[in-house]
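Chemist: Would you mind keeping the following structure in view while I ask a few things?
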Amino acid sequence: MFDTDPLSPYWQAFRQSPEFLRLSLYSESTIHHAYDIVSVELSETPLDQWGKTQVETFVTGRVAKAGDAPDDTDNAVLLFTYRVFRVVMAFLAKKQLVAIKPAALSKVLNQLEKTYALGPDSSRADAYLASTLPPAVTGLAQWQAATADDIDSYTAQWVDDYVVSAAWENRPEGVSVGFLAAVVADLTALAYNRYRKTPKSWTKQVLTNTLYWNYVWDMPLEASQYRLLIPALVAWLDWLGQTKRLNATKAANYQRYLQAIEPQFLRELADEDLYAMSKCLYLRMAEAGVAQDDDAAVDAFLAQLVGDHEAFMTAETNAMLGAADTAAVEDTDDDWADDEALADFEPSGLETFDLDEFKPVLNDPEAMTSLAKLFDTDPDEAYLQDEHVPINGQRRWQQAEARRVHSLGVQAGLRLWLRRETFLPPANFEAPEVVGHIAELFDIAYQDELSDPTRWSTDFFANFGAWLRHEGETDGVLLIASMLSSQAAAGLLTDADAQALSAAVRGEPLPSVTKPTKGGGKVISMKQARELLAQKKDN
């Protein structure tokens with residue numbers, strides 16, 4: 001056995017990944033429990049040697065263990081373990097921690113699902129698994145089949161009673177019986193399975209997170225249905241309160257919660273950046289007229305999609321290199337783990353200016369914001385296209401916020417470079433690498449946990465540092481530690497936070513952490529920045 005717990009260093013990154021959201025039916029402790037089980041299974045082979053053969057062997061082994069005619073428990077454990085294995089492997093493949101590529105992984109797993117009936121249509125068994133786990137594992141009250149059935153029964157009856165009442169005639173235009181029944185069934189089942197909340201105990205957070213996860217992230221809807229979701233629920237809740245099927249005050253509160261989130265909810269329902277990959281694929285196939293139950297048509301569509309993407313990337317690479325041999329840049333997506341990829345950062349003025357002349361404006365937030373625009377190593381904003389979590393607690397991904405955080409990262413990189421004699425980043429890094437890597441760190445922190453420096457967590461830095469050390473990227477660890485010291489010296493992090501985050505990235509014991517102060521400033525033009533620079537030089 002090579003490593004009894006090979007996935008342990010990656011738990012925090014996985015927990016903040018888009019893949020993790022696909023398991024949102026379960027509590028975090030339940031997922032962590034299964035993650036540990038999968039980690040032990042993966043330890044039989046070095047992580048970086050996991051390819052198609054190992055994936056097939058793992059899945060067929062789990063199926064064989066369940067037996068030819070598994071009982072309910074065996075079937076539930078098989079399906080749940082497979083589902084966790086699939087999303088964990090997707091996460092590892094995206095991070096290039098295993099030998100198999102994401103596209104190849106998806107293809108082999110899709111075939112195994114067809115062969116062994118492991119697909120989403122078997123998801124009913126997951127509820128049974130939840131019922132067999134003790135509260136100590138789930139972190140929630142015991143899941144009860146009788147409770148789940150009871151909720152499904154009486155809420156379905158509430159819908160049936162509503163649609164034959166006089167109030168149904170005044171429902172929002174376009175709301176059908178089938179649509180309302182499906183929305184109520186999804187909302188009530190998911191609220192109980194994820195939070196153990198019944199309609200009598202919902203909260204604003206439960207309603208918000210359940211609707212976002214189910215409809216923004218996962219469930220394809222026609223554009224005409226977007227605007228009907230919340231009005232349909234509000235009208236139904238109004239009738240429940242009036243008829244005393246639900247406490248009138250609770251019903252009114254639920255209506256108020258839903259109406260408060262409606263404007264942003266509608267915006268995000270139409271934002272494809274927040275969709276799960278499966279939802280995006282479903283919509284693309286629908287646009288192309290591909291029937292979901294036509295396996296041959298679906299396989300052909302996916303093959304074409306992969307082919308189009310590869311052709312696009314080849315054309316982009318050839319254009320960038322002047323049609324040179326592209327083999328030299330294959331698999332350099334991860335700039336942190338490949339020294340040859342350091343040159344991929346755009347110079348964007350960093351090699352044509354004497355940066356040291358900007359030292360006088362280091363402590364001027366307005367000038368630094370403008371310098372970040374001039375010296376950005378990602379002027380095409382490729383970071384906006386990277387995968388990201390759509391929601392983290394009360395925070396949701398916002399393009400404007402992603403841009404702001406990226407600008408802070410460029411500024412932090414510039415600040416470190418301009419004070420390199422004091423804070424000593426890796427000696428072999430030039431300005432584009434220092435600025436580019438630091439900006440990328442800020443981008444990844446926002447993508448993974450929707451955090452800017454005021455919300456950075458030691459968990460994120462500990463996980464990122466563990467990954468760097470695993471890859472032998474000691475220069476990356478040094479670069480981050482140097483940046484944190486530079487930020488603290490500039491008053492943009494407290495000393496305590498800088499020390500805690502630096503210890504986390506180095507893998508050292510953590511001191512206590514306090515919240516850092518927030519920097520910022522209004523944007524000025526480069527002309528104003530240069531005038532300010534000239535004034536400071538004259539003083």
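Chemist: Restricting attention to the range 387-407, which residues are surrounded by fewer than 18 Cβ atoms within 10 Å (Cβ to Cβ) and part of a loop (DSSP other than H, G, I, E, B)?
Modeler: Glu387, Gly393, Gln394, Gln398, listed by residue number.
Chemist: Return the only residue of Gln242, Gln259 being open to solvent by 20 Å² or more (accessible area, probe 1.4 Å), over 19 Å from Leu23 (Cβ atoms) and under 29 Å from the mean Cα position of the chain (by Cα).
Modeler: Step by step, each of Gln242, Gln259 is checked, and only Gln259 is open to solvent by 20 Å² or more (accessible area, probe 1.4 Å), over 19 Å from Leu23 (Cβ atoms) and under 29 Å from the mean Cα position of the chain (by Cα).
Chemist: Something else about it: Among the residues of the range 154-190, what is the count of those that are in contact (Cβ under 8 Å) with a residue 24 or more places away in the chain and open to solvent by 60 Å² or more (accessible area, probe 1.4 Å)?
Modeler: Residues meeting the conditions: 2.
Chemist: State the number of residues belonging to the range 30-62 that are open to solvent by less than 30 Å² (accessible area, probe 1.4 Å), part of a helix (DSSP H, G or I) and of a type outside the set (Ser, Thr, Tyr).
Modeler: 8
Chemist: Here's something else I'd like to know. Residues being closer than 24 Å to Pro365 by Cβ, open to solvent by 20 Å² or more (accessible area, probe 1.4 Å), touching a residue at least 24 places away in the same chain (Cβ under 8 Å) and assigned to a loop (DSSP other than H, G, I, E, B): count how many of those fall in the range 479-508.
Modeler: Result for the range 479-508: 3.
Chemist: Can I ask one more? Please state which of the following conditions Pro425 fails to meet, knowing it meets all the rest: (1) open to solvent by 10 Å² or more (accessible area, probe 1.4 Å); (2) touching a helix residue (DSSP H, G or I) at 6+ places or on another chain (Cβ under 8 Å); (3) in a helix (DSSP H, G or I).
Modeler: (3)
Chemist: Out of Gly476, Gly436, Gly472, I need the residue that is among the small types (Gly, Ala, Ser) and open to solvent by 10 Å² or more (accessible area, probe 1.4 Å). Which one?
Modeler: Gly472
Chemist: Could you go through the range 208-231 and let me know if any residue there is open to solvent by 60 Å² or more (accessible area, probe 1.4 Å), within 18 Å of Arg171 (Cα to Cα) and under 29 Å from the mean Cα position of the chain (by Cα).
Modeler: The answer is yes; a qualifying residue exists.
The values are calculated or read from the model by the stated rules, or taken from the named source; none is laboratory data. Please read all numbers here as calculations on a predicted model, not as lab measurements. Neighbour counts are summed over all protein chains in view; Cβ atoms, including those assigned to glycine, are modelled from backbone coordinates with ideal geometry. We work out accessible area using only protein heavy atoms, side chains counted, and drop any ligands, DNA or RNA first. Shrake-Rupley method; radii C 1.70, N 1.55, O 1.52, S 1.80 Å.
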